1. Is it the case that segment 250-263 has a residue that's open to solvent by 20 Å² or more (accessible area, probe 1.4 Å) and part of a loop (DSSP other than H, G, I, E, B)?
2. So how many residues does segment 168-209 have that are open to solvent by 10 Å² or more (accessible area, probe 1.4 Å), hydrophobic (A, V, I, L, M, F, W, C) and touching an Asp or Glu at 6+ places or on another chain (Cβ under 9 Å)?
3. Of the conditions (1) in contact with a strand residue (DSSP E or B) (Cβ under 8 Å, 6 or more places away or on another chain); (2) modelled with pLDDT of 95 or more, V360 clears all except one; give me its number.
4. If you take the residues of segment 18-65 that are over 30 Å from S352 (Cβ atoms) and of a type in the set (F, W, Y), which of them is least open to solvent (accessible area, probe 1.4 Å)?
5. Residues that are crowded, with 17+ Cβ neighbours inside 10 Å and of a type in the set (V, I, T): does segment 91-109 have at least one?
6. Surrounded by 16 or more Cβ atoms within 10 Å (Cβ to Cβ) and not hydroxyl-bearing (S, T, Y): is that true of D68 in this structure?
7. Hey, R294 hits all of (1) touching a residue at least 40 places away in the same chain (Cβ under 8 Å); (2) over 29 Å from Y149 (Cα atoms) but one; which does it fall short on?
8. What's the total number of residues in segment 154-195 that are farther than 18 Å from P361 by Cβ and of a type in the set (A, V, I, L, M, F, W, C)?
Amino acid sequence: MSLTGTAFLYTTVVLAAVALFLPLALWSRLPGPRALRAAARVLMLLFAQATAVTLVFVLVNNANNLYDNWADLLGTGNHVQQAADLGADGTGGIAYRKLPKVRQEFVPAEGPGMRAAGGVRVTQLKGRVSGVGAEVYVWLPPQYDDPAYRTRKFPVVELLSGYPGSAKAWFGSLKVHEQLLPLMRSGRVAPFILVAPRTNLIAKVDTGCANIPGAVNADSWLSIDVPKMITDNFRAETGPGGWATAGYSAGAHCAVKLAVAHPDRYRAAVSLSGYNDPIGERASLAAQNVQLRRANNPYFLLRGYRRPPRVALYLSGESGDGYQAGVALEQIAKPPTTVRVVFLPRSAGGHSMALWRPQVPTVFRWLTAELAPRPGGHPGARPGTVIPPGPSTGGSTPAELASGTSSRAGAGRRR
């Protein structure tokens, strides 16, 4: 029975109802000696507590997509077949762009929200460079199958989940495809291909999206194997100007780190409540020692460039939860690197889906402007399509602040 399936949810609801009914019906009717009746009553109470806790867990897990399956929950899953030393560039000397194309089989994805907005598809990918084998979810924009776009290549956004977290979370909890479908149809957001690969690759630890010989090559999985699979199977842009990353929490750290570390692969990154130092997630493999922390810290990576990379960063967060990390990058950024930092008040939702979900339209409008904008429109837009200006930041309400439209001047007043 699937951990996130409807059958398991209904089973927990029924068991919780039964556990509540049993004491009411049998408390004073239990036969036998006093000790036996007392033991039976204690067992009924424990059963009621266990089923209640289980039901709450299932509801929270389904709402936030923390654990995708039983292996993730129990810590028995491992998606790393090998973790060779791939060197500084993460390729291991392999000319991966010249590797033969691999055609993947895609099937409709199962789970809450996965069939909405045209449906999400999934494939099991064996990374030829990284040695990682895991699922990758893909959603295609409404223009993809439109005959008018049959020769167009589409920009791609790689969506990264937090820790713990399922790759489904962007679709099931944040409802990214449902929110963007009408915006893409109206031309207010570019027709992006959305790609959500698994980031939780080893049981009970966060990879930090790092390459660690002997442990995992998460960086190469996300920045080499997954993008190549997408360009092999879909009409996707192949250069960095058509690729971006986006993440929340630990996935936000990964998104910025990948873009800053590989400006030859990505042009932009979105961070929702992220951090720079990998120790922001204490279960991260990249936080095991000072050298790994510096090598996977976008602050030090950006500061170490002799020639600043052409990359655009969007970072939003509350004070103490993402905002300061963004300001730190903004302070050291030099053209052509650009950094936009958005302050969010504590009242906006906390470190949760409630904070990140309403930001989706705003960050994708920003991505539309950043990824190879064209005069009078966006990548892949029909002739004459114009992106409307962003919402005003004056007199922002809490809802507007949560959507990422507040100004940094306002942040200074609210801290």
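1. So the first thing to find is which residues in segment 250-263 are open to solvent by 20 Å² or more (accessible area, probe 1.4 Å), and the list is 261, 263.
Within this subset, residues satisfying the condition of being part of a loop (DSSP other than H, G, I, E, B) are 263.
Checking segment 250-263: at least one residue is open to solvent by 20 Å² or more (accessible area, probe 1.4 Å) and part of a loop (DSSP other than H, G, I, E, B).
2. Summing the residues that are open to solvent by 10 Å² or more (accessible area, probe 1.4 Å), hydrophobic (A, V, I, L, M, F, W, C) and touching an Asp or Glu at 6+ places or on another chain (Cβ under 9 Å) in segment 168-209 gives 1.
3. (1)
4. Checked segment 18-65; the qualifying residue least open to solvent (accessible area, probe 1.4 Å) is F47.
5. No; the residues of segment 91-109 include none that is crowded, with 17+ Cβ neighbours inside 10 Å and of a type in the set (V, I, T).
6. On the way: surrounded by 16 or more Cβ atoms within 10 Å (Cβ to Cβ): yes; not hydroxyl-bearing (S, T, Y): yes.
In short, yes.
7. Failed condition: (1).
8. 5
The values are calculated or read from the model by the stated rules, or taken from the named source; none is laboratory data. Keep in mind the model is a prediction, meaning the values are calculated, not measured. Using ideal geometry, Cβ is built from the backbone for each residue, glycine included, and neighbour counts are taken over all protein chains shown. Side chains are part of the model used for accessible areas, which takes the heavy atoms of the whole protein and leaves out ligands, DNA and RNA. Shrake-Rupley method; radii C 1.70, N 1.55, O 1.52, S 1.80 Å.
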